[in-house]
């Protein structure tokens, strides 16, 4: 099939920040032409600003980004969500990221406001239970108003899949915990964190099986390169954007191509996507191209076959950018109106 279903998370009237969406929307991408269609609301939800899908494709999970954070889940059968199946508290404030562990037995939610991360077990029908672990961060940074305390912004699994990585925007660290999904208590004690330069503001991470972690610095507008190993080593950083202008740049999503040879970064403020070549086995990044997304404030994107689909929050649009044969993102070729889009989640093949 040439059409891929896309779930789109939004900000809503009862979320923080407030938005114009009503919940999770559905769209589709024609992977041959890059054309977008659909755009209707699939299910009402409170602040579903980040989404994740269970490996079996049966359920979509969404944060409820509000003061009293929660995790919601929806049926994904037949490519449509129809009702909210449940909701459970995350135990933290303003959850902004959710990840399903690859083994499919745990859901991990990042609570931005208080810097905590909650770990929820998943039962046999993909339903998450109450949190069995609450990981508390500490520390601060030099950026006034943004780094007065810890702010967990996202999680990822390390290159070998045995460690949980937590990007803490407030403390300028990647927190590291052993994680074993086969045990009743899957989370081990915190190891020495990966310390980034003061004022980095780590937001999202892209993890390479080759043994590298690429970190988008929201506050310093750079991509940081970390070599993973017994002792993680920060190798350096490159500018996320080369766009010149009066408005500051705030990188958001970061992702590797399937081959691992290209790295893509979205830049709010510049409203662009940058393509980097991954070189020296993963140890360095080389700027290739930067293109406008065709919208304002690209909060998130997803790689969908040979296209990048971008959620442009402030312009209320999602846009499709083709990826050429050399792996470089090109100018957008279509757009679709969806109120305050914040996340793009492609359905399964």
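The values are calculated or read from the model by the stated rules, or taken from the named source; none is laboratory data. Keep in mind that this is a model prediction, so the values were computed, not measured. Here Cβ is always computed from backbone atoms with ideal geometry, including for glycine, and neighbour counts include all displayed protein chains.
Some points to look at:
- So residue 267, is it under 18 Å from the mean Cα position of the chain (by Cα), closer than 28 Å to residue 3 by Cβ and at pLDDT 95 or above: no
- Selected residue (criterion: modelled with the highest pLDDT) from residues of region 81-93 that are closer than 11 Å to residue 43 by Cα and surrounded by 14 or more Cβ atoms within 10 Å (Cβ to Cβ): 85
Residue-by-condition table, conditions (1) more than 18 Å from the chain's Cα centre (by Cα); (2) outside any strand (DSSP E or B):
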| residue | (1), (2) |
| --- | --- |
| 236 | yes, no |
| 245 | yes, yes |
| 259 | yes, yes |
| 281 | yes, yes |
| 290 | yes, no |
| 299 | no, no |
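- Residues in region 1-16 that are farther than 25 Å from residue 154 by Cα, outside any strand (DSSP E or B) and in contact with a strand residue (DSSP E or B) (Cβ under 7 Å, 6 or more places away or on another chain): 2 only.
- The single condition among (1) in contact with a strand residue (DSSP E or B) (Cβ under 9 Å, 6 or more places away or on another chain); (2) surrounded by fewer than 24 Cβ atoms within 10 Å (Cβ to Cβ); (3) in contact (Cβ under 8 Å) with a residue 40 or more places away in the chain that residue 57 does not satisfy is (1).
- When residues of region 17-71 are limited to those that are modelled with pLDDT under 95, more than 24 Å from residue 320 (Cα to Cα) and in a strand (DSSP E or B), the one nearest to the chain's Cα centre (by Cα): 59
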